[in-house]
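**Q** Quick one: this structure, given as structure tokens, is what I'll be asking you about.
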Amino acid sequence: MERPDPSRIRDRGKIKWTAMMLPEHVAMIREYIANDGKVERPVLDEWDLRQLEESIGLALAQNADIKLKCWRDGEFHIRGGKIKRVDATRRLLYVEDPFDTTAYSLEDIIDVTLLD
């Protein structure tokens, strides 16, 4: 039996599969790709929350530069700056960086590290 010459094979590649894709399948694949790599919100125990509270208080008292690690929409974000104030009633932490002052929700904050 002769093997076909690879240069003569005309495969349509992905085109041949598109006719078999239902709109529901396409929507599910897009959702899967959008959620790929997302991380669930970490659960902080009492020890972590106490450590976080102490770090925020110390950084505020010393007016020290901090590295702030936040969780938002399935991703971790790291920011830097100085803590300007803590709004306990609205549960916001105001951090000033060289460009602007940004408010972060205390529920989204995972870690605060003092920089020396």
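The values are calculated or read from the model by the stated rules, or taken from the named source; none is laboratory data. Just so it is clear, the structure is predicted and the values come from calculations on it, not from any experiment. Glycine gets a Cβ as well: all are built from the backbone with ideal geometry, and neighbour counts include every protein chain shown. These area figures cover heavy atoms from the full protein model, side chains too; ligands, DNA and RNA do not enter into them. Shrake-Rupley method; radii C 1.70, N 1.55, O 1.52, S 1.80 Å.
**Q** I need every pair where a residue in the stretch 66-81 that is closer than 15 Å to residue 98 by Cβ has its Cβ under 7 Å from the Cβ of a residue that is of a type in the set (S, T, N, Q), sequence separation at least 6 or different chains.
**A** 66/113; 67/113
**Q** While we're looking at this one, here's another question. If you check every pair at least six apart or on different chains, which have Cβ atoms under 6 Å apart with a residue in the stretch 30-43 that is within 17 Å of residue 71 (Cβ to Cβ) first and a residue that is open to solvent by less than 80 Å² (accessible area, probe 1.4 Å) second?
**A** So the pair list comes out as 38/74; 39/74; 41/71; 42/110.
**Q** Take the residues in the stretch 40-69 that are exposed (fewer than 10 other Cβ atoms within 10 Å of the Cβ) and not charged (D, E, K, R), then tell me which one is nearest to the chain's Cα centre (by Cα). Step through it out loud before you land on a result.
**A** Of all residues in the stretch 40-69, those exposed (fewer than 10 other Cβ atoms within 10 Å of the Cβ) come to 40, 43, 45-47, 61, 63.
Keeping just the survivors that are not charged (D, E, K, R) gives 43, 47, 61, 63.
On the way: 43: 15, 47: 23, 61: 29, 63: 27 Å.
Checking each candidate, the answer is 43.
**Q** Out of the stretch 62-87, which residues are under 11 Å from residue 113 (Cα atoms) and aliphatic (A, V, I, L, M)?
**A** Listed by number, the residues that qualify are 64, 66, 68, 78.
**Q** Also: Somewhere in the stretch 19-26, is a residue surrounded by 10 or more Cβ atoms within 10 Å (Cβ to Cβ) and either aliphatic (A, V, I, L, M) or modelled with pLDDT of 90 or more (or both)?
**A** The answer is yes; a qualifying residue exists.
**Q** How many residues, within the stretch 92-102, are touching a residue at least 12 places away in the same chain (Cβ under 8 Å) and either surrounded by 13 or more Cβ atoms within 10 Å (Cβ to Cβ) or among the acidic types (Asp, Glu) (or both)?
**A** Total meeting the criteria: 6.
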